[in-house]
Amino acid sequence: MLVMLLLFLALLVAAAVYVVRIYNGLVALRENVRKAWANIDVLLTQRHDELPKLVETCKRYMQYEQETLERVMQARASVFKAQGKGDVAALGVAEDQLRAGLGKLFAVAENYPDLKADNGFRHLQTRISQLEEAIADRRELYNETVNLNNIRIQTFPDLIVARQFGFKTAQLLEFTEEQKRDVDVGQLFG
């Protein structure tokens, strides 16, 4: 009788330890998703801060391209709004609009030799290009982290613990086929 009781208690302790390990693993994955999103958020904020400087620099030279400049600023506002809400789907759409606007802006800049020669413009162009590359890298890391999180939450026996404690799947940061293409902003100035 005592042996059975001890065996039962040992099994109960082993099950509790197993559930705790699953729970801690799920917490770690959830926090890694949050951290990966925060890394993207930092880069988006940095780019968000650079865009008005770029537009102001361009305004000095591009009097006839106000519509292009306005599109970039509107897209910037959409990205900022989606970013603030943590709306991953809306961010993908807004990022697509912003990248298209920047591509158009940099292509139009070709018609303004004085603008292309401006040190401030060249610095901003380089900075934004670097931020775009960093965002792409962080997006890849974020999506990998989300994928690991979502697989774990949907895999037995982890799904039992995940459901019991309210763990949710995270949303991938996806972009259109157009946006997935490698955009070399520096090449637009070539």
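The values are calculated or read from the model by the stated rules, or taken from the named source; none is laboratory data. Nothing here was measured: the structure is a model prediction, and the numbers come from that model. Cβ coordinates were reconstructed from backbone atoms using ideal geometry, including for glycine residues, and neighbour counts include every protein chain displayed.
Any chance region 38-52 includes a residue that's within 30 Å of T155 (Cα to Cα), surrounded by 11 or more Cβ atoms within 10 Å (Cβ to Cβ), in contact with a helix residue (DSSP H, G or I) (Cβ under 9 Å, 6 or more places away or on another chain) and touching a residue at least 60 places away in the same chain (Cβ under 8 Å)? For region 38-52, residues within 30 Å of T155 (Cα to Cα), surrounded by 11 or more Cβ atoms within 10 Å (Cβ to Cβ), in contact with a helix residue (DSSP H, G or I) (Cβ under 9 Å, 6 or more places away or on another chain) and touching a residue at least 60 places away in the same chain (Cβ under 8 Å): present.
Yes/no matrix, rows are residues, columns are (1) touching a strand residue (DSSP E or B) at 6+ places or on another chain (Cβ under 8 Å); (2) at positive phi; (3) part of a helix (DSSP H, G or I); (4) of a type outside the set (K, R):
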| site | (1), (2), (3), (4) |
| --- | --- |
| M4 | no, no, yes, yes |
| R34 | no, no, yes, no |
| V42 | no, no, yes, yes |
| C58 | no, no, yes, yes |
| M62 | no, no, no, yes |
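Considering region 58-82, the residues that are closer than 15 Å to N111 by Cα and touching a helix residue (DSSP H, G or I) at 6+ places or on another chain (Cβ under 7 Å) include one that is surrounded by the most Cβ atoms within 10 Å (Cβ to Cβ), namely C58.
Yes or no, residue by residue, for (1) part of a helix (DSSP H, G or I); (2) at pLDDT 85 or above; (3) among the acidic types (D, E):
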position: L91; (1), (2), (3): yes, yes, no
position: I128; (1), (2), (3): yes, yes, no
position: I135; (1), (2), (3): yes, yes, no
position: T145; (1), (2), (3): yes, yes, no
position: F156; (1), (2), (3): no, yes, no
position: F167; (1), (2), (3): no, yes, no
position: E174; (1), (2), (3): no, no, yes
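Among the residues of region 83-114, the one identified as surrounded by fewer than 20 Cβ atoms within 10 Å (Cβ to Cβ) and either closer than 15 Å to K53 by Cβ or among the aromatic types (F, W, Y) (or both) is Y112. Total residues in region 115-149 satisfying the condition of being crowded, with 17+ Cβ neighbours inside 10 Å and farther than 30 Å from A28 by Cα: the figure is 7.
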